[in-house]
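Notes to accompany the following structure.
All of the numbers you see were taken from the coordinates with simple rules; none came from a lab. The structure presented is a predicted model; accordingly, all values stated were derived computationally and were not measured. Don't worry about glycine lacking a Cβ; one is built from the backbone with ideal geometry, like all the others, and counts go over all protein chains shown.
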4 protein chains.
Amino acid sequence: MVIVMNRHASEDEIMNVIEFVEALGARTHLSRGQEKIVIGVIGDKRNIQKEQIKVLPGVEDVVSILKPYKLVSREFKEQDTIVRLNGVEIGGEQPVVIAGPCSVESEKQIIETARLVKAHGAQLLRGGAFKPRTSPYSFQGLGEDGLKLLKKAKEETGLYIVTEVLDAMDVPMVAEYADILQIGARNMQNYKLLKAVGKIDKPVLLKRGLSATLTEFLLSAEYILSEGNPNVILCERGIRTFVEYSRNTLDLNIVPMIKRVSHLPILVDPSHGTGRRELVIPLSLAAIVSGADGLLIEVHPQPERSWSDADQTLSPDQFALLMRKLDSLVKWLRNEESVIYTN
Amino acid sequence: MVIVMNRHASEDEIMNVIEFVEALGARTHLSRGQEKIVIGVIGDKRNIQKEQIKVLPGVEDVVSILKPYKLVSREFKEQDTIVRLNGVEIGGEQPVVIAGPCSVESEKQIIETARLVKAHGAQLLRGGAFKPRTSPYSFQGLGEDGLKLLKKAKEETGLYIVTEVLDAMDVPMVAEYADILQIGARNMQNYKLLKAVGKIDKPVLLKRGLSATLTEFLLSAEYILSEGNPNVILCERGIRTFVEYSRNTLDLNIVPMIKRVSHLPILVDPSHGTGRRELVIPLSLAAIVSGADGLLIEVHPQPERSWSDADQTLSPDQFALLMRKLDSLVKWLRNEESVIYTN
Amino acid sequence: MVIVMNRHASEDEIMNVIEFVEALGARTHLSRGQEKIVIGVIGDKRNIQKEQIKVLPGVEDVVSILKPYKLVSREFKEQDTIVRLNGVEIGGEQPVVIAGPCSVESEKQIIETARLVKAHGAQLLRGGAFKPRTSPYSFQGLGEDGLKLLKKAKEETGLYIVTEVLDAMDVPMVAEYADILQIGARNMQNYKLLKAVGKIDKPVLLKRGLSATLTEFLLSAEYILSEGNPNVILCERGIRTFVEYSRNTLDLNIVPMIKRVSHLPILVDPSHGTGRRELVIPLSLAAIVSGADGLLIEVHPQPERSWSDADQTLSPDQFALLMRKLDSLVKWLRNEESVIYTN
Amino acid sequence: MVIVMNRHASEDEIMNVIEFVEALGARTHLSRGQEKIVIGVIGDKRNIQKEQIKVLPGVEDVVSILKPYKLVSREFKEQDTIVRLNGVEIGGEQPVVIAGPCSVESEKQIIETARLVKAHGAQLLRGGAFKPRTSPYSFQGLGEDGLKLLKKAKEETGLYIVTEVLDAMDVPMVAEYADILQIGARNMQNYKLLKAVGKIDKPVLLKRGLSATLTEFLLSAEYILSEGNPNVILCERGIRTFVEYSRNTLDLNIVPMIKRVSHLPILVDPSHGTGRRELVIPLSLAAIVSGADGLLIEVHPQPERSWSDADQTLSPDQFALLMRKLDSLVKWLRNEESVIYTN
């Protein structure tokens, strides 16, 4: 931590800051520049809050040197985390595809979709049973009945199930049906929920919040790891910007950046990240080439009959095309050495 | 709802759209312009989703005409909602001040702060017992013990208590101690929590999410009203932008805008809205002049000893100055006719 | 400047950084913390670029301590800059109002508007002769003919003229007619234009760019001052955010912030800052209370006949109301001590 | 255009709107819904401004149906525009690479860089002679001397020259040396400059502004085409968002979106779009896979000695790696059918 004093800071004010910091157990180093006086803080800073220092008389600014996250950082764990289900690896050599409808609507719809996405090569099935909807008048999901239909789809196809949990109280129930529990973008900072999924032994798919910085995203993952669950899968799904033509702005910069600072796998959701089905295929390929460990894709047998997110949902034909492209791209990628760590 | 067909749309595609819409129970009106063909949709549109129409062949765009919220709108209820506690009105003639520390830290701290804010004219005491913190390693609040201390502070001073509830499960417990339950910015779209506070008979203070549009903000309030609780108080607390010098960008435009489209009261939180104590007083006055029904202010007997948010917290002297200014400004305002509805 | 080395930096890499920095004429101080090694840079840093250091092997981050602007800073000049025209002070005790139409349309229109705004107490007349328009098919302004009409309006009413200059080449011509030259938001980083207005002896009104940070805004002012023109008036006019209901988000936080870090006067333009005429009056009052030195207001005798910006333009009645309110508010303010410097 | 009347609009107000619109030469169609009254406007709407209608009594909202741009739209011109230099096509089958230093610094530096980028397969050389710099104290470019050095580099290597022009006055001079004139992000709405490059017979590379919407970006291109120059190349270079870890957020969604709505070629600049050299390679590949017609890449023989943008500049080795990857990726792409128009 580096404390910058303002130009008019008196000697008393400087001494006061030094005493304050040292009383909290750290050492200091005073450096008098031509225009500014800077106090370096050395040693154990875990119990010193930047904000407390900032309000001391004479202080102009306080700059942190250490990252606030630990367990999720590559400095803490050098090797990539690979999340393993029986026969599927997320974060391993092969990108995975998690596909399915926005919402579970009926047995026919979810079974039909499951067969379809499996036929084209997806390894996991997604589908919402509990839906966070902006309006109270929109379809809110089938609840536990939806979970039961997902289980049937798994029995029929063998696909693993990824589904969202909205509330800490529902974690045990959802964990009974799901193979991976999804935390949605709106809940990225629902800390009670993060702690609850940190205590179970199933993997968690954590979506980035609409306006989450990289640091906030990783700190939310840190909540889960710090409760004991190491199997966190990150997911970029677009951020909120001023841009008018897409539902969100897909931030692919974050994919290679995460690979540098964290050991956790990262997926990309181009359905939400664009909000337009006609952009999903090119952005899916772009995500994989930028280093993503897989994709989340919305598919529906009849998008125009979909109860939610119809305009970002692929039709069966479009999904088939995406999977063909992806298969070919992955073959190309495997013949290449990695491009990520080209410092 | 207005459906815009693309230039190359065939007659079959146009007919298909009309049939699709009419099958859902609405009537249509076809209008052939020089460059575009437009289909107006008339009648009951509640069960027609814009997204479903957008994916029909030949459709270029779909434009909604009706607002998606109802109960919170001024069209639905012309008169201002006034939230009443015994002796305090929120949304009435007199702006209210809700003041106190970011977190409840100890009996001494909260009682001392309560006396202080009361002495200077605040009507309600704020203080967090359950704290949503970005990092799992930050102080998470005293929990129910904090609520008990708030109750003591109320017994000592008579101030009403405003405190945050983080989870649907905690609503009954928090409602036992609090006079107003606060939903924080990170939980603005925690719909289970919104529904839970919609079922109690205590007022709810709903803070705007960091990247919430006006419509999303009002739809979150709509969740609460649609469950039967009419006593919702909105609160602007700054939005996330590219700006580097303040923690958030306080969006005061929303104050008179809310007054136009909704009957609900709206407060402003300049502590979070600026993130810098030295900006809190001018922005507090600006909020009141723009039409806000009151303020949320962070105060601490010794800001530099505050366990959270120290750099946006007022000292006792600063709070005293704010309250003197505010008192004088409110006297000025009372002699003026309203400036809000100058269409 | 503080250089943070990464955890794996070798002794050779550390030495290399120290040599690189010292070869550029600065001294260094090495500090080995428990987790990070930090190199402080002391002395003359003007010719060291942060970016060059960042790419040296082993460097994780580089943090600047000094602000990049000088002449505009309050550290450089303690006292407020007051821009003086004969009989009008901008940045003095009394807030000023600059009012008029978006564009000069005709002699009748501009003279009528000038009389109107003068009658209600405005001290300066605004009106665009050169208009930067998003579409090439929109009205582009009357050009020099517009300037001549503004001159006539000045002769009729005695109001000073504020008008925009779009290009360095036009500066001498516009300076012949205008009392204050305006640099629009889109040109805030047109450095050739900034240098050109830096060389004339008339005041410059510099509007904040749509996505300009505080630092960028002040550095653009620094361009003008560094060419020799000290009479720069800043103007906040709203920034671009995700918000959907207003044309821009008016950032009033910047008003008291500018007062802290700079000696330059700052105005607020609530017409562009809201984009909705019904929000202009409350936000005008809020701007003044937050410490602004005056307002820029769009007024037109018949807004619905205005050739540009009609929906954010006040009618004569609305403007009269604003000026009555403002007059009363300023009387209140004068009886108050300042609230800005309450550190 | 569709005009939505508010709920309380009187018959007189409705009639007034209809008369206003018809007086401007258009026809209207009145539609009375259950909750709203809507007036459709049919016929020639070029001289009706949305803003004028919005301020008429009783009007709640006005919705445009037509896009505001024409010449740049795919509706106007179905076939892709290919910008041709002798032997190089931009927008054709093969992606192009424009590479070089941020600034021209010396003869040795630019010749060495030119040889280097040519050796690895770049077809065009970039390099700034006129530099728009945020601070007046930063290096501002060598000016015409820089242009002369670029010419020498062309003579040595045969590479075409792309360089920025900052001001309408400089267009003839820059056009003497450059093969393609670049309009930088800060000048995307410098309309005098856009008109000036619209009148020359050399291609123009137009970079997206930091906070430009898709519509604004295309309207700036429309300025150039409407002056007679059809050879406009668009370039995405990142937008300004709240994100903290990258200089800008690269918006790759725009690549396939532009391909849908416009016939113009679009390049991507991952150097500015990320601001971090270690992200440049993965995002370059992602850009090409999403459909971009080429890349703008900053390269320097010794990035740590670069006078500007050092931290986003590739070293010779990194550039060589990028070009190998790109070459391999393009071979893969050529064997694939296009994925862009999968409506």
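One table, with the values for the structure above:
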quantity	calculated
Amide N of segment D:82-105 lying under 19 Å from the label point, which is placed 7 angstrom from the Cα of D:GLU144 along Cα→Cβ	D:104-105
Base-10 log of normalised Debye intensity for segment C:1-144 (one unit scatterer per alpha-carbon) at q = 0.09 Å⁻¹	-0.61
Where N is the number of residues in segment A:106-251, Cα Rg divided by 2.2 N^0.38 Å	1.07
Cα pair distances in segment B:193-343, grouped into 5 Å bins until the bin that holds the longest one, percent each	2, 9, 17, 18, 19, 16, 12, 6, 1, 0
Two-site FRET efficiency, C:GLU19 against B:GLU93, from Cβ-Cβ distance with R₀ of 60 Å, rounded to 0.05	0.30
Reduced Cα scattering model of segment C:175-249, Debye log10 I(q)/I(0), q = 0.13, 0.18 Å⁻¹	-0.38, -0.66
For the protein assembly as shown, the spread of Cα positions along each principal axis, largest first, Å	77, 76, 72
Distances in nm from A:GLU19 to the matching label points in the other copies, shortest first (labels 7 Å along Cα to Cβ)	4.5, 8.1, 8.6
Separation of alpha-carbon centers, segment C:267-332 and segment B:194-211, rounded to whole Å	34 Å
Computed over segment D:2-63, the ratio Rg/Rh where both radii use C-alpha atoms and Rh is Kirkwood	0.92
Rounded to 5, the percent of DSSP beta bridges in the protein assembly as shown classed as antiparallel	40 percent
Computed magnitude of the charge dipole of the protein assembly as shown (debye, nearest 20; Cβ of K, R +1, Cβ of D, E -1)	0 debye
Beta bridges by DSSP in segment D:1-153, antiparallel share as percent, to the nearest 5	85 percent
Rounded D (µm²/s) - chain B, Kirkwood Rh over Cα pairs, Stokes-Einstein at 4 °C, 1.567 mPa s	59 µm²/s
Point-to-point label distance, C:TYR137-A:ASP317, nm (Cα→Cβ direction, 7 Å offset)	3.3 nm
Cα-projected label distance for C:GLU11 with A:GLU75, points at 7 Å along beta-carbon direction, nm	2.2 nm
Closest approach to the C/D rotation axis among chain C Cβ atoms, residue and whole-Å value	C:SER211, 2
Kyte-Doolittle mean at least -0.5 and Cα axial length at least 15 Å: DSSP H helices in chain C	C:11-23, C:107-119, C:214-226, C:277-289, C:316-334
Cβ-placed point charges (K, R +1; D, E -1), dipole of segment D:217-332 about Cα centre in debye, nearest 20	280 debye
Spatial separation of Cα centroids for segment B:72-95 and segment D:83-148, in angstrom	63 Å
At R0 = 51 Å, FRET efficiency that the Cβ-Cβ distance of C:LYS108 and D:ARG305 yields, to 0.05	0.25
Counting DSSP beta bridges with both ends in chain D, the antiparallel % (nearest 5)	40 percent
Rh (Kirkwood; distinct C-alpha pairs) - segment D:131-189, Å	12.3 Å
Efficiency of FRET from Cβ geometry, C:GLU227 and C:GLU176, R₀ 22 Å, rounded to 0.05	0.70
